[in-house]
Amino acid sequence: MTLLEEVKRGAKTEELSKVAKKEKIPEDTFYRRIASGKIVVMRHRGDYVAIGKGLRTKVNCSIGSSPDLVDIDMEVKKAITGVESGADSLMELSTGGDLDEIRRRVLDAVDVPVGSVPLYQAAINSIRKNGSILHMTEDDIFNSVKRHAKDGIRFMAIHCGINKLTYDRVMNQGRYGGIVSRGGAFLLSWIDFNETENPLYANFDYLLEILKEHEVVLSLGNGMRAGCIHDSLDRAQTMELIVNCELADRANEAGVQAIVEGPGHIPINEIEAFVKLQKRLSGEKPFYVLGPITTDVAPGYDHITSAIGSAIGSSVGVDFICYVTPAEHLALPYPEDVKEGVMASRIAAHIGDMIKYDRRDQDLGMAKARREVNWKEQFKFCLDPKRAEEIRGSRPSEFDDTCAMCGEYCALKLLKTKVKLLG
């Protein structure tokens, strides 16, 4: 029996109740939302990560090799860097080198849930064996799902919503930015060549059997996500969202927890509408977004363009953010890019949660510490205290109770003895 089935039957555990307490949500509400599919819970080595309605917005860090750059030690370092920077989960998305070894070493290296896209391995193995993804078989796809599940992958992005309906939509309308999802491109090419339905959609019940056996959360992949601002919320993406929401309901009915994935590139004025649409169509199931990236013209700074979108998204209901690094659209990220990406997304999630849940205690603590020019106390409230301390320590200042920005002309110091302050 899966966790979802047990909770539906009224079961409660000490571990899950601890998660509810940590998330500052009433225990009964927590269990009720798991049962209704509004919250999913993933476990790795006994630790739980819960994602969904009423909970802190979570951040995912994606890593993985490419055919052009295979360095297993670096991928492990990236994984560790992501977790140390505060990521709540990882996705291992390698397409180059020994895919099994990379995945297993990453799983051994971290204590957070790890996700994957099994289709990548099925496609890469077909290319290596047959010279093309077009000769990939249905068994190749499902065997890859089984392989990842047995290794301990806790959530999988699976592109079930790429079917003949979504294929027709994208072919009929055309696109400015094309298809930017690897999984989407693999499957669209395969469907076109083989003139048949996507096996992950046609045999969805079989897929659920595999996921159920290994307690894997289904993350319904966004293969039709927009790769540029001008394709945002087009027919193909909206059709895939409808299909994915229907499949998420079927997954829950079968005892499998499900997440629905969302947009890539989207202008800020469309984010709230997209979130509301997903929540309405899915029955408020957890919403997982890549970024989203809010402009196409800032390569090298897409951790910032996505943080803008993530903050807005989180404030209006996004539950799970997949980070974006400065290397997005340019190159495979290095460990330093991973840290920048995770921190940008964590800041965005915090900003969104301040609005979504009116949780501002941490910011209030920082405000009071700054008012008192109490540096030690300020560092306690920092999202990245180490960096804050490093920057302060690297700039000379004549006074211990000021910074190098204003020195003796510090506004707070000058007014501290002149004005009666609150608190």
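So here's what we get for this one:
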quantity: Tally, over the range 33-75, of residues that are under 24 Å from His214 (Cα atoms), in a helix (DSSP H, G or I) and in contact with a helix residue (DSSP H, G or I) (Cβ under 8 Å, 6 or more places away or on another chain); calculated: 2
quantity: Counted residues, the range 91-117 - those being closer than 12 Å to Ile80 by Cα, in a loop (DSSP other than H, G, I, E, B) and at pLDDT 95 or above; calculated: 2
quantity: Top-ranked residue of the range 32-50 - restricted to ones that are modelled with pLDDT of 95 or more and either under 17 Å from Ser116 (Cβ atoms) or among the hydroxyl-bearing types (Ser, Thr, Tyr) (or both), ranked as surrounded by the fewest Cβ atoms within 10 Å (Cβ to Cβ); calculated: Ser36
quantity: Matching residues in the range 143-173 - criterion: being part of a helix (DSSP H, G or I) and within 23 Å of Gly96 (Cβ to Cβ); calculated: Asn143, Ser144, Val145, Lys146, Arg147, His148, Ala149, Lys150, Asp151
quantity: Contacts under 6 angstrom Cβ, first residue in the range 360-379 being in a helix (DSSP H, G or I), partner among the hydrophobic types (A, V, I, L, M, F, W, C) and surrounded by 14 or more Cβ atoms within 10 Å (Cβ to Cβ), 6 or more apart; calculated: Gln362/Phe381; Gly365/Phe381; Met366/Phe381; Glu377/Ala369; Gln378/Ala369; Phe379/Ala388
quantity: Leading residue by the ranking (farthest from the chain's Cα centre (by Cα)) among those in the range 77-90 that are in a loop (DSSP other than H, G, I, E, B) and buried (at least 20 other Cβ atoms within 10 Å of the Cβ); calculated: Ser85
quantity: Residue satisfying condition, being touching a Phe, Trp or Tyr at 6+ places or on another chain (Cβ under 8 Å), assigned by TED's automatic domain parsing to the domain that holds Ser62 and either touching a residue at least 60 places away in the same chain (Cβ under 8 Å) or on the phi < 0 side of the Ramachandran plot (or both), within set Val243, Val297; calculated: Val243
quantity: Residue under evaluation Ala348, criteria (1) of a type in the set (Gly, Ala, Ser); (2) closer than 27 Å to Ser66 by Cα; (3) touching a helix residue (DSSP H, G or I) at 6+ places or on another chain (Cβ under 9 Å), criterion not met; calculated: (2)
quantity: Residue within the range 128-140 that is surrounded by fewer than 16 Cβ atoms within 10 Å (Cβ to Cβ) and in contact (Cβ under 8 Å) with a residue 12 or more places away in the chain present; calculated: yes
quantity: Qualifying residue in the range 190-204 (condition: surrounded by fewer than 17 Cβ atoms within 10 Å (Cβ to Cβ), over 12 Å from Met224 (Cβ atoms) and in contact with a Ser or Thr (Cβ under 9 Å, 6 or more places away or on another chain)); calculated: yes
quantity: Gly96 vs. criteria of a type in the set (Gly, Ala, Ser), in the same structural domain as His329 (by TED's automatic domain parsing) and either out of contact with any Cys (no Cβ under 6 Å at 6 or more places or on another chain) or closer than 27 Å to Ser310 by Cβ (or both); calculated: yes
quantity: Scope the range 293-312; condition surrounded by 22 or more Cβ atoms within 10 Å (Cβ to Cβ) and charged (D, E, K, R); matching residues; calculated: Asp302
quantity: All positions within the range 17-29 that are aliphatic (A, V, I, L, M) and out of contact with any Leu (no Cβ under 8 Å at 6 or more places or on another chain); calculated: Val19, Ala20
quantity: Only listed residue being more than 30 Å from Glu246 (Cα to Cα), surrounded by 20 or more Cβ atoms within 10 Å (Cβ to Cβ), in the same structural domain as Ile63 (by TED's automatic domain parsing) and in contact with a strand residue (DSSP E or B) (Cβ under 7 Å, 6 or more places away or on another chain), chosen from Val289, Val318, Val342; calculated: Val342
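The values are calculated or read from the model by the stated rules, or taken from the named source; none is laboratory data. Given the structure is predicted, the values throughout are model-derived calculations rather than measurements. Cβ coordinates were reconstructed from backbone atoms using ideal geometry, including for glycine residues, and neighbour counts include every protein chain displayed.
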